[in-house]
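Visitor: Please read through the structure below; I'll follow up with questions.
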Amino acid sequence: MRIAVTYEAGEIFQHFGHTESFKLYDVEDGKIVESKVVGTNGSGHGALAVLLSESNVDVLICGGIGGGAQMALAEAGIKLYGGVSGDADKAVEAFLKEELEYNPDVKCNHHGEGHEHHGNCGSGGCGGGHCGH
């Protein structure tokens, strides 16, 4: 298994689409056997999902992440653990022990109020299935 973490100075970088590097962890039998930091070469958002997919990443641990990037990761078959902060190595260790605290409903909130909910609002937290009423 290969785990990627958005990475900056030992910590989990908090905005997926702006991360400049990932730390990749190769895991065998529940233990980290190798890790390395790789740059994103200025790629952003959707291109990062392609980069991770081409690097054979199975799991991504990150802070905030937008809906488009979440969809790109899902299409690439990469499992997302978002809303995580702190030390990158410790987060991966917690993940391997099945003790990682993450937010399954993580959103990227760095874009202001520009996010629109179209269509399927009932499960999107808009309340009672009626948007704007």
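The values are calculated or read from the model by the stated rules, or taken from the named source; none is laboratory data. Keep in mind that what you see is a predicted model, and the values were worked out from it rather than measured. A quick note on method: Cβ atoms are made from the backbone with ideal geometry, for glycine too, and the neighbour counts reach across all protein chains shown.
Visitor: Of the residues in region 5-20, how many are touching a Phe, Trp or Tyr at 6+ places or on another chain (Cβ under 6 Å) and touching a residue at least 60 places away in the same chain (Cβ under 8 Å)?
Guide: 1
Visitor: Does at least one position in region 115-128 carry a residue that is part of a loop (DSSP other than H, G, I, E, B) and either modelled with pLDDT of 95 or more or touching an Asp or Glu at 6+ places or on another chain (Cβ under 8 Å) (or both)?
Guide: Going residue by residue through region 115-128, those that are part of a loop (DSSP other than H, G, I, E, B) are 115-128.
Now narrow it down to the ones that are either modelled with pLDDT of 95 or more or touching an Asp or Glu at 6+ places or on another chain (Cβ under 8 Å) (or both): 125.
Checking region 115-128: at least one residue is part of a loop (DSSP other than H, G, I, E, B) and either modelled with pLDDT of 95 or more or touching an Asp or Glu at 6+ places or on another chain (Cβ under 8 Å) (or both).
Rundown of residues vs (1) closer than 15 Å to Glu93 by Cβ; (2) of a type outside the set (Val, Ile, Thr); (3) at pLDDT below 95, yes/no style:
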residue: Met1; (1), (2), (3): yes, yes, no
residue: Val5; (1), (2), (3): yes, no, no
residue: Glu11; (1), (2), (3): yes, yes, no
residue: His18; (1), (2), (3): no, yes, yes
residue: Ser21; (1), (2), (3): no, yes, no
residue: Lys31; (1), (2), (3): yes, yes, no
residue: Val37; (1), (2), (3): no, no, no
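Visitor: When region 22-43 is examined, which residues are found to be over 16 Å from Leu96 (Cα atoms) and within 13 Å of the chain's Cα centre (by Cα)?
Guide: Phe22
Visitor: Additional query: Pick out the one residue from Gly68, Gly86, Gly77 that is within 21 Å of Asp105 (Cβ to Cβ) and in contact (Cβ under 8 Å) with a residue 60 or more places away in the chain.
Guide: Residue meeting the stated conditions: Gly86.
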